[in-house]
Amino acid sequence: MPRPWEGLLVRRARTWLPGLLLVTPSIILIGVFVYGMLGWNFRLAMTDKHDEVSEGEFVGLQNFIDIWDQARWHLSVQHAIVFTVVFVLGALVLGWLLAFLMEKGIRGEGTFRAIYLFPMAISFVATGIVWRWLMNSGTGERAVGLNRLFDAIGLPQWQWFRDPDWGMAAMALPAIWQMSGYVMALFLAGFRGVPEELREAARVDGCNEWGVYRHVVLPLLRPVTLSALIILGHISLKVFDLIVAVSGKQIITDVPAVFMWVAVFDSHDPAKGATIASYIVLSVAIFVIPYLIWSVRKERRQ
């Protein structure tokens with residue numbers, strides 16, 4: 001005769017076991033090829049394997065400390081910060097502005113929305129190839145792309161990504177162009193999710209249109225803004241293909257991901273490359289982990 005707890009166990013297994021079996025292959029693959037590879041990378045970063053033939057001895061965090069003595073590392077980190085600030089702020093502002101205009105219900109909204117989202121369907125490599133021509137630094141008779149346009153309308157020509165001071169800010173322009181449509185879609189969904197009753201109540205209380213957005217709409221868009229900030233931030237910190245497609249492996253546009261490529265495949269220094277990759281992972285985690293904690297707490301409160 002079956003025991004009562006056995007029947008309860010069978011009923012519960014029928015509830016969660018099919019779902020567990022469905023996601024088990026994905027869990028195994030993620031565990032091996034994501035977290036397993038991350039663990040292997042951190043292990044390699046803690047060795048002195050600075051060539052492709054030696055076994056490498058454990059040195060702890062020595063590589064993480066020594067890399068800060070290299071001028072190129074400081075330069076790549078500085079470039080990454082400039083790129084991140086310009087890219088994130090530019091995409092947020094442009095995406096919010098586009099969403100604000102679309103939220104007003106303009107004629108042909110579907111067409112404009114599709115046009116703004118088209119760049120996101122293009123890879124960063126294709127975007128980089130096009131913008132490498134647009135941001136060509138040639139001047140005078142050699143000018144092409146935007147410099148040719150500026151010359152035709154009487155504006156000064158630029159060095160773009162070859163400028164030692166503003167090169168990384170210019171490098172963020174293709175990324176802003178590509179991702180602003182995605183940010184627009186996030187903000188547009190947030191705008192449409194604000195109940196009209198709240199807006200009408202604010203207008204009845206004496207708020208003008210700007211006051212409605214400032215005191216009602218924008219505070220309700222904080223979760224959307226945070227999500228967009230996290231997504232853009234982690235994209236900018238690990239950017240590689242766009243940089244290489246536009247300028248190649250030049251010092252003037254060096255970022256940690258490009259430095260990592262040079263260390264591994266040009267200098268044949270696996271330990272240094274793994275160290276740089278570890279720093280990239282940690283920098284991305286600074287963005288992602290607080291967001292995950294905030295999301296979990298929000299779900300528990302709800």
Taking the range 203-219 and keeping only residues that are at pLDDT 80 or above and either closer than 28 Å to Leu117 by Cα or of a type in the set (A, V, I, L, M) (or both), one is left with Val204, Trp210, Val212, Tyr213, Arg214, Val216, Val217, Leu218, Pro219
Can you list residue pairs whose Cβ atoms sit under 8 Å apart, with the first residue in the range 283-296 being touching a residue at least 24 places away in the same chain (Cβ under 8 Å) and the second being not in a helix (DSSP H, G or I)? Count only pairs 6 or more apart in sequence or on different chains. Val284/Lys238
Cβ-Cβ distance below 6 Å, separation of 6 or more or different chains: which pairs start in the range 152-171 with a residue that is small (Gly, Ala, Ser) and end on one that is surrounded by 17 or more Cβ atoms within 10 Å (Cβ to Cβ)? Gly167/Phe161; Gly167/Thr253; Ala169/Val86; Ala170/Trp160; Ala170/Phe161
Is there a residue in the range 274-290 that is at pLDDT 85 or above, open to solvent by 60 Å² or more (accessible area, probe 1.4 Å), not hydroxyl-bearing (Ser, Thr, Tyr) and not in a loop (DSSP other than H, G, I, E, B)? yes
Within the range 63-108, residues open to solvent by less than 50 Å² (accessible area, probe 1.4 Å) and among the polar types (S, T, N, Q) come out as Asn63, Ser76, Thr84
Six or more apart or on different chains, Cβ under 6 Å: which pairs go from a residue in the range 106-126 that's farther than 19 Å from Pro174 by Cα and of a type in the set (Phe, Trp, Tyr) to one that's modelled with pLDDT of 85 or more and not in a helix (DSSP H, G or I)? Could you list them? none
Residue ID - least open to solvent (accessible area, probe 1.4 Å), chosen from residues in the range 220-241 that are polar (S, T, N, Q) and modelled with pLDDT under 90: Ser227
Can you tell me which residues in the range 252-273 are closer than 21 Å to Leu61 by Cβ, in contact with a Gly (Cβ under 7 Å, 6 or more places away or on another chain) and open to solvent by 20 Å² or more (accessible area, probe 1.4 Å)? Met260, Val264
Boolean, Val244 is open to solvent by 30 Å² or more (accessible area, probe 1.4 Å) and part of a helix (DSSP H, G or I): yes
For the condition open to solvent by less than 60 Å² (accessible area, probe 1.4 Å), of a type outside the set (Phe, Trp, Tyr) and farther than 27 Å from Val86 by Cα, what is the one hit in Val194, Val217? Val194
Tally up the residues in the range 109-167 that are of a type outside the set (A, V, I, L, M), in a helix (DSSP H, G or I), modelled with pLDDT of 85 or more and open to solvent by 80 Å² or more (accessible area, probe 1.4 Å), please. 6
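The values are calculated or read from the model by the stated rules, or taken from the named source; none is laboratory data. Keep in mind the model is a prediction, meaning the values are calculated, not measured. Glycine also receives a Cβ, built like all others from the backbone with ideal geometry; neighbour counts cover every protein chain displayed. Just the protein is used for accessible areas: all its heavy atoms, side chains included, with ligands, DNA and RNA removed. Shrake-Rupley method; radii C 1.70, N 1.55, O 1.52, S 1.80 Å.
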